[in-house]
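Below is one structure, written out as structure tokens, with a few remarks after it.
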């Protein structure tokens, strides 16, 4: 269970999070939606301990990751898998090398077992036989799939996805979403995803949280969010343009 | 509660105070970064292959530039010093003059400046790009220390490669001086090398060694730090790379003077 309590974060004079509260149930897929630049990635970076809040807490099974340092924080992070927006693949390594890296360095598995699991992970994301290619040699969609394989190969309990489908065509967006859903059914991890792929995310989310002006404006199952009378939510999911003031 | 605006007369003092605090904070971060890196070097696990890769990256790839600049530095030195010594009838001392200048001073400094330009800038750019493309964050969230994987092997490789590069620079430079002094200007080979053996002792070599060792730490420390703390985008990487080369070069010269006053 992940519990975010009254999270506050400002960069200089820009207030990004203004007392945000959010609960993520164990084993669920929670998707945080909201406008670009609204603080979704900032929220995610707090959850994975890359940013410290000005106030508030992030509790992961009772442990406050905003107060943890060093080994204690690493202990929590060992349970994590993270898919970054751009993939964050190590460009000096092949795709297989990227997937093998956490197995070798984090879990310290033997070479034979690493090779078996890498092959299985790449097959799982539909990239069998592509392991010898470097990230620069494959397409954007393939890079995202390698990033997903790398995040999931250690079988983490909690997986964070930071806009995993940004910049992909609609077919690839659906492919990646169905891949995430399929892997979630198989591995039963808790997923927190930041996305603005409307309406596609309604097919995979258990819970959708709408972030607006630094707070969660509405949270609930996809059907509830889709039927929400909240004008902010309605405007966002329908993609209605902003009205000029006084119009 | 809103802050009351400062009286106009106090504003310059306020600005100086803020600047001073920012400088002290930056120096603190800079020092802490080295402390973390040295602490990581001394604690297992040791990333042997990353260390070997960094030796290749910093040392092997700088070989050509070291050979070229070392050779020409020795040749220029041979030419200039010869014509100066001839005025005093002391051209026999060309060998020791070239060797001492190179071993004590020019070798460590110029080799370090060359490696900074070749490998230091590349080190900053590489780590900077890893930072802006979230590769360093990826390491962090895997509960792996980026300092252990990226910084510690570079500093350790700097400690190994800088003295080696300096030794190579000195040897090629002495040979360059030999080419000019002996082959071109007609000094005898025995005089050139014989006088060198009489005047150059172990303390001169150790002076050069300690200097190159410390330059190895300075350059890799500055360059990895600048990469780690890079700003945003391509412009941030470009600025960090320039800053790393400028700061490393200035620190090499300042530290060289300091070492020159301390070492025998």
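Computed from the coordinates by the stated procedures, all read-outs in this text should not be read as laboratory data. In this text, all values refer to a predicted model and were calculated from it rather than measured experimentally. Every residue, glycine as well, gets a Cβ built from its backbone with ideal geometry; the counts of neighbours run over all protein chains shown.
With both residues required to sit in chain A, DSSP beta bridges show an antiparallel share near 55%.
Axis of helix B:48-58 versus longest Cα principal axis of chain B: the two differ by about 60°, to the nearest ten degrees. Semi-axis lengths, largest first, of the ellipsoid equivalent to the range A:92-155 are 18, 11, 10 Å, with √(5λ) applied to each eigenvalue of the Cα gyration tensor.
Against the main long axis of the alpha-carbon atoms of chain B, helix B:152-178 sits at an angle near 20°.
Taking each residue in B:130-139, count the Cβ atoms of any other chain within 10 Å of its Cβ, then average. What number comes out? Let's see the in-between values first.
Values: counts 4, 0, 1, 8, 9, 9, 1, 6, 13, 5.
That average works out to 6.
Helix B:202-228 and the longest principal axis of the C-alpha atoms of chain B enclose an angle of approximately 30°.
Judged by the mean number of other Cβ atoms found within 10 Å, the most tightly packed of the peptides A:25-38, B:31-44, B:69-82 leads the ranking B:69-82, A:25-38, B:31-44. Computed over the protein assembly as shown, the P(r) curve from all C-alpha pair distances, binned at 20 Å from the origin, holds 19, 41, 26, 11, 2, 0 percent per bin. Estimated from the Cβ-Cβ distance and a Förster radius of 51 angstrom, the FRET efficiency linking residue A:71 and residue B:80 is about 0.30.
Within 10 Å of each Cβ in B:140-151, how many Cβ atoms from other chains are there, averaged over the peptide? Provide the component values of the computation, followed by the final result.
Values: counts 7, 14, 14, 13, 6, 2, 0, 0, 1, 3, 0, 0.
Partner Cβ neighbours, averaged per residue: 5.
Arrange the peptides A:68-79, B:207-218, A:41-52 so that the one whose residues have, on average, the most other Cβ atoms within 10 Å appears first.
Values: A:68-79: 14.8, B:207-218: 22.2, A:41-52: 20.4.
Packing proxy ranking, top to bottom: B:207-218, A:41-52, A:68-79.
With both residues required to sit in the protein assembly as shown, DSSP beta bridges show an antiparallel share near 55%. Ordering of B:254-264, B:8-18 by packing is B:254-264, B:8-18, highest average first (other Cβ atoms within 10 Å, averaged per residue).
Counting Cβ atoms of other protein chains within 10 Å of each Cβ in A:88-98 and taking the mean gives 3.
The calculated pair-distance distribution of chain B uses every alpha carbon pair, bins of 5 angstrom beginning at 0, and gives 1, 6, 11, 14, 15, 13, 10, 8, 7, 6, 4, 3, 1, 1, 0, 0, 0 percent.
Annotation for the range B:237-252 versus the range B:29-72: alpha-carbon center distance of 16 Å.
Calculate, for residue A:186 and residue B:25, the FRET efficiency according to 1/(1 + (r/R0)^6) with r their C-beta to C-beta distance and R0 51 Å; round to the nearest 0.05. If you can, show how the numbers build up before the last one.
Values: r = 48 Å, r/R0 = 0.94.
That pair, residue A:186 with residue B:25, gives E of 0.60.
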